[in-house]
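Here is the structure we will look at.
The values are calculated or read from the model by the stated rules, or taken from the named source; none is laboratory data. This one's a predicted model, so the numbers in the text were calculated from it and none came from an experiment. So basically every Cβ, Gly included, is an ideal-geometry build from the backbone, and we count neighbours across all protein chains shown. Side chains are part of the model used for accessible areas, which takes the heavy atoms of the whole protein and leaves out ligands, DNA and RNA. Shrake-Rupley method; radii C 1.70, N 1.55, O 1.52, S 1.80 Å.
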Amino acid sequence: QVQLVESGGGLVQAGGSLRLSCAASGTIVSINDMGWYRQAPGKQRELVAGITSGGIITYADSVKGRFTISRDNDKNTVYLQMNSLKPEDTAVYYCNAYVAGSRYWGQGTQVTVSS
């Protein structure tokens with residue numbers, strides 16, 4: 001079993017920055033893909049950014065140039081640096097990891113951007 005614990009959410013003014021972290025623990029030999037999703041009220045959950053074990057990165061068009069995903073394989077941790085935040089970035093952000101053929105989710109962390 002794998003547990004994902006996110007941290008770093010909060011309230012920030014438009015134009016500000018936040019850094020999210022997600023640490024994986026449990027029975028882990030290696031982690032394949034890791035990523036961040038978000039879900040705003042009344043909307044479907046969407047991919048924000050993903051990173052493979054080999055370092056291939058994908059971003060949603062809406063966050064390109066503002067968000068940066070990275071991972072520390074030694075710590076089984078993935079990060080999301082969010083700059084130039086906009087009110088439309090307000091959502092619950094979920095960490096996701098694909099481990100040994102199963103996909104795991106964190107509990108989510110709220111990010112609120114005020115205008």
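Enumerate the lysines that Lys86 could reach by cross-link, defined here as Cα to Cα under 18 Å, with residues fewer than 8 away along the same chain left out.
Lys43, Lys64
If you put +1 on each Lys and Arg Cβ and -1 on each Asp and Glu Cβ, how big is the dipole of segment 50-115 around its Cα centre, in Debye rounded to 20?
40
Of Tyr104, Met34, Gln81, which is farthest on the positive side of the dipole of the chain, counting Cα position, with +1 on Lys and Arg Cβ, -1 on Asp and Glu Cβ, and the Cα centre as origin?
Gln81
Determine the share of the chain's accessible area contributed by carbon and sulfur atoms, expressed in whole percent, with a 1.4 angstrom probe.
On the way: 2840 of 6000 Å².
That fraction is 47 percent.
Quick one: work out the % antiparallel among DSSP beta bridges in the chain, nearest 5.
Around 90 percent of the beta bridges assigned by DSSP in the chain are antiparallel ones.
Please work out the ratio of the alpha-carbon Rg of segment 24-82 to 2.2 N^0.38 Å and round it to two decimals.
Normalised Rg, Cα atoms only: 1.20.
Using a probe radius of 1.4 Å on heavy atoms only, what accessible surface per residue do you get for segment 7-115? Whole Å² is fine.
On a per-residue basis, 52 Å².
With +1 on each Lys and Arg Cβ and -1 on each Asp and Glu Cβ, and nothing else charged, work out how big the dipole of the chain is about its Cα centre, in Debye to the nearest 20.
Taking the Cα centre of the chain as origin, the dipole is about 100 debye.
Please provide three numbers in whole Å: the alpha-carbon extents of the chain along the principal axes, with the largest listed first.
43, 24, 23
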